[in-house]
Amino acid sequence: MKLRRYLLGKLAWYLGALIAALILNFILPRLVPGNPVDAIVSNLARGGGAQGEQLKNIQTHYVHQFGLDQSMLSQFWTYLKNLAHGNLGTSFAQYPASVRGMVDQALPWTIALQLPAILIGWIVGNILGAIAAFKAGWFDRGAFLSSLFLSSMPYYCLAILLLYLLAVAYPVLPTSGGYAFGTSPELSISFISSALSHYWLPFLSLVLVFIGGQAVGMRSMAIYELGSDYVNFGRGLGLPDKRIVRYVFRNAMLPQVTGLALSVGTLVGGALVTELVFSYPGIGSLLFNGISQNDYPVIQGITLIITIAVLGANFIVDVINGFIDPRIRSAEAGER
Amino acid sequence: MRSARFSGRFYIAAAIFLAIAILAVFGPMIFNGHHPGQQVGGLYDGPSSSAWLGTDNLGHDVFANLMAGARTSLEIGFVAGAGATLIGVVVGLAAGYQGGLVDNILTGFTNVMLAIPSIVVLILVSDSLPTRGTMTLALVIAATSWPWTARAVRAQTTSVKTREHIDVARLSGARTVSIVAWDVLPYLLSYVAMAFVLQISGAILAEAGLSLLGLGVSDGVSLGIMLHWSLAWESVRVGAWWAFVPPTVLLTLIAFSLLMLQSSLDEVFNPRLRRGKLRRTVAFVVGPGATSAPEATVAAHEELASER
């Protein structure tokens with residue numbers, strides 16, 4: 001019963017956040033002084049790519065698509081209806097291309113880059129942090145200082161330095177892109193090996209920073225736990241170190257699960273720029289191109305996807321927390 | 001009152017940060033060389049006696065840009081950090097002390113703001129701005145980064161609120177504002193100081209990230225903008241290290257020193273995190289040999305603590 005109330009409460013919170021995000025996503029680009037459609041169409045005209053009749057067609061298409069001639073409320077309704085059908089609109093910059101199609105092409109690259117980085121970084125970082133806290137001495141000193149340094153380093157700074165060191169100064173890995181220039185995405189050995197060799201640099205630059213962050217968090221949690229009464233009591237009873245480590249690890253783990261959700265959010269933001277550094281064909285590069293071309297539908301579509309991903313990750317972690325930590329359940333159910 | 005004992009780590013971090021700040025503020029006066037926007041050479045000229053760190057893609061002096069960029073980044077960091085901390089403290093205090101409906105509304109708002117990734121709001125807002133001045137961008141960053149401070153301040157306020165001296169203050173007829181300012185806030189100051197340090201670092205990095213995406217300040221140069229242009233003009237792939245290494249290193253140093261500053265402040269304020277000292281106290285009370293911690297480990301930690 002308690003669990004159900006807790007889950008329903010959380011669900012309501014996240015739905016509220018999603019609605020707030022949708023409103024922000026809808027309203028902010030519309031606050032731009034001047035009609036974005038006019039700006040885009042005049043851009044097209046200046047470029048000389050399209051003329052007269054064609055321009056008018058494009059303009060009416062956009063105005064109709066966004067319902068710019070309607071009231072804000074019905075515009076929002078149209079926006080929601082389009083979203084429900086998975087329609088993210090049409091790109092301004094690459095005119096007839098749908099944003100959905102562009103996102104569909106970019107998203108697998110981003111997920112393939114981030115998901116392994118998150119999971120491996122989380123596991124390795126937590127183990128490293130726990131060992132550092134328990135072993136102390138030179139291992140702790142080295143692991144802590146390097147973790148602190150790595151975790152404080154912005155993702156893109158490490159990315160730039162790695163790119164220079166491993167691809168330019170000592171060219172062992174390719175400099176840019178998701179695969180070699182001549183190949184195209186397909187299920188062949190040459191493509192996969194090329195994609196893998198392009199994968200290492202962006203992956204390393206993400207996972208190293210992430211390991212550092214997790215290790216620092218885990219270490220301080222574990223040190224906190226090591227000083228607690230149950231550890232002293234266990235030591236007094238003469239329990240073997242292994243068992244004490246297990247108790248400490250389980251207790252220190254809880255906040256780390258929450259940390260996982262939070263870091264998914266920061267990793268998404270950090271990885272956007274990482275992709276830029278390596279010209280990796282994912283969401284980050286798409287967003288960058290969208291921004292440089294004032295392609296509002298693309299920007300809006302991507303911010304929406306990021307929001308949904310982060311909200312979803314947070315919700316899943318809250319659910320997991322509810323299952324593994326009875327204290328959270330009872331506290332939340334009692335409070336609200 | 002016993003003065004706080006800062007670790008060596010604190011002084012190292014403070015020294016790094018101060019050195020960068022001095023370079024940013026007084027650098028242009030001391031090394032009176034080129035202006036940030038002045039053309040002194042061609043595309044990616046290497047370091048020379050006239051331009052110590054070479055030139056960037058537009059032929060501007062990288063060293064002059066670096067000092068101006070660090071200044072912009074630090075300005076944004078301080079303004080946004082102060083703004084975010086201020087909003088966070090006010091919202092947290094109001095929610096935590098007032099309770100009831102005010103608490104529900106403010107906490108709800110904070111949680112929603114926390115759940116929406118701030119990078120998304122930053123991208124949307126800065127993309128909607130017609131021009132992005134340094135101060136505007138700082139305020140936008142402040143407006144998106146206060147929620148976690150508010151949440152933590154609220155949690156601590158609710159616990160301080162139940163202490164007895166608050167009842168005494170209330171019974172003696174003190175007004176709410178005065179209780180919050182003089183009887184609650186002082187207990188949170190150590191936390192607020194740490195949050196401020198983290199907010200500065202977060203704001204500087206947020207600005208750099210936005211600049212890299214092409215949404216940086218439009219009225220000057222910042223560390224992020226330097227990186228943006230050096231990436232856009234392929235300085236990394238042509239090996240022009242002087243264009244991208246200085247801003248990268250400076251950003252890393254700023255972030256690292258602020259994080260070290262925060263964590264050494266944390267050790268001063270939270271004695272439980274000081275492992276070496278804690279163990280020694282235990283050993284002293286119980287008697288030597290009673291704890292399982294080998295003396296060597298304790299000594300190593302003491303040394304580490306003083307070394308940092």
- helices (runs of 4 or more DSSP H) wholly in the stretch A:143-257 with at least 1 residues that are of a type in the set (Ser, Thr, Tyr) and either at pLDDT below 85 or within 24 Å of the chain's Cα centre (by Cα) (or both) - which ones? A:155-163, A:189-226
- Query: Using beta carbons and a limit of 8 Å, which pairs, at least six apart or on different chains, have the first residue in the stretch A:8-33 and within 7 Å of chain B (Cβ to nearest Cβ) and the second one in a helix (DSSP H, G or I) and of a type in the set (Ser, Thr, Tyr)?
  - Reply: A:ALA21/A:THR307; A:ASN25/A:THR303; A:ASN25/A:THR307; A:LEU28/B:SER128; A:PRO29/A:TYR296; A:PRO29/B:SER128; A:LEU31/B:SER128; A:VAL32/B:SER128
- Item | Looking only at the stretch A:78-121, and only at residues there that are assigned to a helix (DSSP H, G or I) and among the β-branched types (Val, Ile, Thr), the one that is modelled with the lowest pLDDT | A:THR78
- Message: Against the definition (hydrophobic (A, V, I, L, M, F, W, C), within 11 Å of another protein chain (Cβ to nearest Cβ), farther than 22 Å from B:LEU213 by Cβ and part of a helix (DSSP H, G or I)), how does A:ALA133 come out, yes or no?
- Response: yes
- Note on the structure: Flagged in the stretch B:125-139 as more than 18 Å from B:PHE109 (Cβ to Cβ) and touching a helix residue (DSSP H, G or I) at 6+ places or on another chain (Cβ under 9 Å), in numbering order, are B:SER126, B:ASP127, B:SER128, B:LEU129, B:ARG132, B:THR134, B:MET135, B:THR136, B:LEU137, B:ALA138, B:LEU139
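Yes or no, residue by residue, for (1) touching a Ser or Thr at 6+ places or on another chain (Cβ under 9 Å); (2) in contact (Cβ under 8 Å) with a residue 40 or more places away in the chain; (3) outside the structural domain of B:ALA14 (by TED's automatic domain parsing):
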residue: B:ALA138; (1), (2), (3): no, yes, no
residue: B:TRP148; (1), (2), (3): yes, yes, no
residue: B:GLN156; (1), (2), (3): no, yes, no
residue: B:SER178; (1), (2), (3): no, no, no
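What helices (runs of 4 or more DSSP H) lie completely within the stretch B:175-278 and have 1 or more residues being under 21 Å from the mean Cα position of the chain (by Cα), buried (at least 17 other Cβ atoms within 10 Å of the Cβ) and not β-branched (Val, Ile, Thr)?
Of the helices (runs of 4 or more DSSP H) lying wholly inside the stretch B:175-278, those with at least 1 residues that are under 21 Å from the mean Cα position of the chain (by Cα), buried (at least 17 other Cβ atoms within 10 Å of the Cβ) and not β-branched (Val, Ile, Thr) span B:185-212, B:223-232, B:241-269.
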- Of the numbered conditions (1) part of a helix (DSSP H, G or I); (2) surrounded by fewer than 24 Cβ atoms within 10 Å (Cβ to Cβ); (3) within 13 Å of chain A (Cβ to nearest Cβ), B:LEU122 fails exactly one; give the number of that condition. (2)
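Has the stretch A:317-325 got any residue that is among the polar types (S, T, N, Q), at pLDDT 85 or above and crowded, with 20+ Cβ neighbours inside 10 Å?
First, the residues of the stretch A:317-325 that are among the polar types (S, T, N, Q): A:321.
Now drop any that are not at pLDDT 85 or above, which leaves none.
Checking the stretch A:317-325: not a single residue is among the polar types (S, T, N, Q), at pLDDT 85 or above and crowded, with 20+ Cβ neighbours inside 10 Å.
The values are calculated or read from the model by the stated rules, or taken from the named source; none is laboratory data. Computed from a predicted model, the values in this text were never measured in an experiment. Every residue, glycine among them, receives a Cβ derived from its backbone with ideal geometry; neighbour counts consider all protein chains shown.
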